[in-house]
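In what follows, a single structure is set out as structure tokens and then discussed.
The values are calculated or read from the model by the stated rules, or taken from the named source; none is laboratory data. Nothing here was measured: the structure is a model prediction, and the numbers come from that model. FYI the Cβ positions are ideal-geometry reconstructions off the backbone, even for glycines, and counts take in every protein chain you see. Accessible surface is based on the protein model in full, side chains and every heavy atom, while ligands, DNA and RNA are left aside. Shrake-Rupley method; radii C 1.70, N 1.55, O 1.52, S 1.80 Å.
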Amino acid sequence: MADDLDTLIYSLSDRQKTVFAGLVCERLLPQYEAFCQAENWGSPAVYERGVELLYNSGLGEFHAAEATALLEKLDFVTPALPDFGSPLTAYALDACIALHEALQFLADKQESHISHCATATLDSVEMYVQDYRQLDPDQRGFEAAVAADPFLQAELARQHRLLEALLSIHEFDAASIHQLRRLNGSGGIVDLARLPA
């Protein structure tokens, strides 16, 4: 199922790709917010502005210059794993990688960035499954256990649902973006409260 996500992503128009990236990153924001709150570091406002910029670019002109400026700000508020002891750091980093790829797409329109954005999201869910189920990567059947987990299945299904919906929308307006955001759901894509202390 993950392989055909790429096929669907590459069949989207540039505007559709931009809105898809906004939807993906919006659901990663709670991971970044949880880290910022736990570590008293970072800037959810920068992240939120990135998501807003993606939606705005879907509605009209691509904001390439602002995306480039925002990429610099995002770099300053992206956590490095060695700098923080919190288990939330890796989740915040994945969220920032996804947004970085999305903003990079606004700057240069290389469509591989949108695929990388979606992959960073799936990587985050896979890491979560490994963490909350305390799976050993060397254990036999590890990959199958991760692939079958309801959280990963739900994320694959969500991305699929969004891509199918996007393919039917060729011109975006505030109403169509609102509809897509409702389809996208709210809250984080993982339940960070289930992580082992």
* To do: Quick one: in segment 123-158, of everything that is of a type in the set (A, V, I, L, M) and open to solvent by 20 Å² or more (accessible area, probe 1.4 Å), which residue is nearest to L99 (Cα to Cα)?
  => M127
* Asked: Applying the selection to segment 1-38, what residues are among the polar types (S, T, N, Q) and within 17 Å of the chain's Cα centre (by Cα)?
  -> Q16, T18, Q31
* **Single unsatisfied condition, I9 versus (1) surrounded by 15 or more Cβ atoms within 10 Å (Cβ to Cβ); (2) within 24 Å of E72 (Cβ to Cβ)** => (2)
* Which residues, taken from segment 58-68, are farther than 15 Å from H100 by Cα and either surrounded by 14 or more Cβ atoms within 10 Å (Cβ to Cβ) or in contact with a helix residue (DSSP H, G or I) (Cβ under 7 Å, 6 or more places away or on another chain) (or both)? -> G58, L59, F62
* **Hits in segment 164-197 - residues which are part of a helix (DSSP H, G or I) and either surrounded by 15 or more Cβ atoms within 10 Å (Cβ to Cβ) or hydroxyl-bearing (S, T, Y) (or both)** => A165, L166, S176, I177, L180, R181, N184, L192
* In segment 69-122, residue farthest from N40 (Cα to Cα) [restricted to those that are under 11 Å from the mean Cα position of the chain (by Cα) and of a type in the set (G, A, S)] -> S115
* Return the residue satisfying two criteria in turn: it lies in segment 69-110 and is outside any helix (DSSP H, G or I) and in contact (Cβ under 8 Å) with a residue 40 or more places away in the chain, and of such residues it is most open to solvent (accessible area, probe 1.4 Å). => K109
* **The lone exception for R161 - which of (1) open to solvent by 60 Å² or more (accessible area, probe 1.4 Å); (2) of a type in the set (K, R); (3) under 19 Å from Q31 (Cα atoms); (4) under 20 Å from the mean Cα position of the chain (by Cα) it fails** => (3)
* Can you find a residue in segment 17-29 that is over 22 Å from Q110 (Cβ atoms), open to solvent by less than 40 Å² (accessible area, probe 1.4 Å) and out of contact with any Gly (no Cβ under 7 Å at 6 or more places or on another chain)? -> yes
